[in-house]
Amino acid sequence: MRFLLGLLLTLAIATFTGLGATWYATVHGLALGGVTIGAWTAQPKNGTLGIDPYARAMIARSGELPLGSGDGVAFSAGSDDSGQPLDGRCDVTISGVTPQARFWTITAYDRRGNVLANPVGRHGLTSMELFRNEDGSFTITAAPRARPGNWLPTGEAQHYTLVLRLYDTAVGVATRAGRETPMPAITRGACP
Amino acid sequence: MMAWIAWALGGVLLGGVVHLATILVLPMTASRDSFSRLEPVTAVNQMTLLPQPTPAGSVVPFMDPAFATAVCRYDLTDAPLKLLVGVAPSYTSLTFYTRQGLAFYAINDRAAARRTIELDLMTPAQRASVQDDEEVTAADRLIVESPMPTGLIVVRALAAEPGDLPLVRGILAGAQCRPQPTQQ
């Protein structure tokens, strides 16, 4: 009897911890071998056959098609530089410069990977349409209502993720966080 | 008491095995991976222009809304594939994915000498049979080898401004992928 109870306990714990860890890893993601710069994280290996098993499981679950390494690299951020989750009802500024690339795009997504609903039907910005400062740096304001300059509409999404994709770039598997890979700062401004 | 702790420790260890096993098996059983999502909306060995992502959803998640996207779901069992893609004004890229959604090759329009990207996709076996009789033309032919007979070719073209999107989608609508029987 004690043996049976013990066995049941073992199996219950195994199921709970094993499946729990898998669920957590595929939903939240484990940044194995990723490049983290400030609030941004990229997994350049996801665009190659050298993708790690965790990222592979996560992609199979989400159904996304990762950018191929000969195409570009995607950096994503779910929170600002101070670690606060990005809130679509707040003003959030994305400012600075990016690593060298032919061009880049920035997009805000909800949890399921859909673009954010907003009154103007605008879902992202490209580096080619940006207003820039004299030194080449830029400031983008992600906010629910129109802002002067570069405005990225966030609708009223409670939580969103920013994805900055660098296309035709040297940033890749060999890249480390450092001076050659400056990513823009993400700062939270006014909040209702 | 000791016995219970031993049972619990055994459970945690077994949990680790369960975790690793499910991580490795999951990609093979996923029913909502990119290939499964694209299967109902694409035809085999034909190029399909995907709708732009909307807040209500998109064929695959995390699509870049600045891009027009076309997909060719390929099957090389019978013959290699010929690909012809007109280059959009700003940027065009081709990414090749295996059936499991792993990117095994990607090129962009810098590799295109003219305003068209032209290449052949084949299995290693098909390539081996081509090389013998077509050595002369091999130099100016771009050949990509697919590690598996089935997979996806995703063509992405940038609209630098939202106003460019209709033009870019028009260019991608003309992209072609079609089986190319080898001449015997």
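Quick look at the numbers
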item: Of residues in the range B:15-38 being more than 7 Å from chain A (Cβ to nearest Cβ) and either surrounded by 19 or more Cβ atoms within 10 Å (Cβ to Cβ) or touching a strand residue (DSSP E or B) at 6+ places or on another chain (Cβ under 9 Å) (or both), the one farthest from A:Ala25 (Cα to Cα); result: B:Leu38
item: From B:Thr77, B:Thr54, residue being within 13 Å of chain A (Cβ to nearest Cβ), among the β-branched types (Val, Ile, Thr) and more than 14 Å from the chain's Cα centre (by Cα); result: B:Thr54
item: Residue identified as of a type outside the set (Ser, Thr, Tyr), away from chain B (no Cβ under 12 Å) and within 26 Å of B:Val59 (Cβ to Cβ) among A:Ala25, A:Ala77; result: A:Ala77
item: Residue list for the range A:141-172, restricted to those being of a type outside the set (S, T, N, Q) and more than 22 Å from B:Pro53 (Cα to Cα); result: A:Arg147, A:Pro148, A:Gly149, A:Asp168, A:Ala170, A:Val171, A:Gly172
item: Residues that are of a type in the set (A, V, I, L, M, F, W, C), under 17 Å from B:Gly151 (Cβ atoms) and assigned to a loop (DSSP other than H, G, I, E, B), drawn from the range B:34-86; result: B:Ala43, B:Leu50, B:Val59, B:Val60, B:Leu76, B:Ala79
item: Search result, residues across the range A:80-101 that are away from every other protein chain (no Cβ under 14 Å) and among the aliphatic types (A, V, I, L, M); result: A:Leu86, A:Val92, A:Ile94, A:Val97
item: Test: residue in the range A:96-108 that is over 27 Å from A:Leu65 (Cβ atoms) and touching a residue at least 24 places away in the same chain (Cβ under 8 Å); result: yes
item: Residue within the range A:19-39 that is of a type in the set (A, V, I, L, M, F, W, C), crowded, with 18+ Cβ neighbours inside 10 Å and out of contact with any helix residue (DSSP H, G or I) (no Cβ under 7 Å at 6 or more places or on another chain) present; result: yes
item: Of residues in the range A:115-142 being in a loop (DSSP other than H, G, I, E, B) and away from every other protein chain (no Cβ under 14 Å), the one surrounded by the fewest Cβ atoms within 10 Å (Cβ to Cβ); result: A:Glu134
item: Checking B:Val12 against (1) surrounded by fewer than 17 Cβ atoms within 10 Å (Cβ to Cβ); (2) modelled with pLDDT of 95 or more, the condition it does not meet; result: (2)
item: Residue tally, condition crowded, with 21+ Cβ neighbours inside 10 Å and assigned to a loop (DSSP other than H, G, I, E, B), over the range B:97-112; result: 2
item: Candidate set from the range A:33-79 (those that are of a type in the set (Gly, Ala, Ser) and part of a strand (DSSP E or B)); member that is farthest from the chain's Cα centre (by Cα); result: A:Gly72
item: Qualifying residue in the range B:23-35 (condition: free of Cβ contacts under 8 Å to residues at least 24 places away in the same chain and in contact with a Gly (Cβ under 9 Å, 6 or more places away or on another chain)); result: yes
item: Lone unmet requirement of (1) facing another protein chain (nearest Cβ under 9 Å); (2) within 18 Å of the chain's Cα centre (by Cα); (3) not β-branched (Val, Ile, Thr) for B:Asp120; result: (1)
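The values are calculated or read from the model by the stated rules, or taken from the named source; none is laboratory data. Source: prediction; values computed, not measured. Using ideal geometry, Cβ is built from the backbone for each residue, glycine included, and neighbour counts are taken over all protein chains shown.
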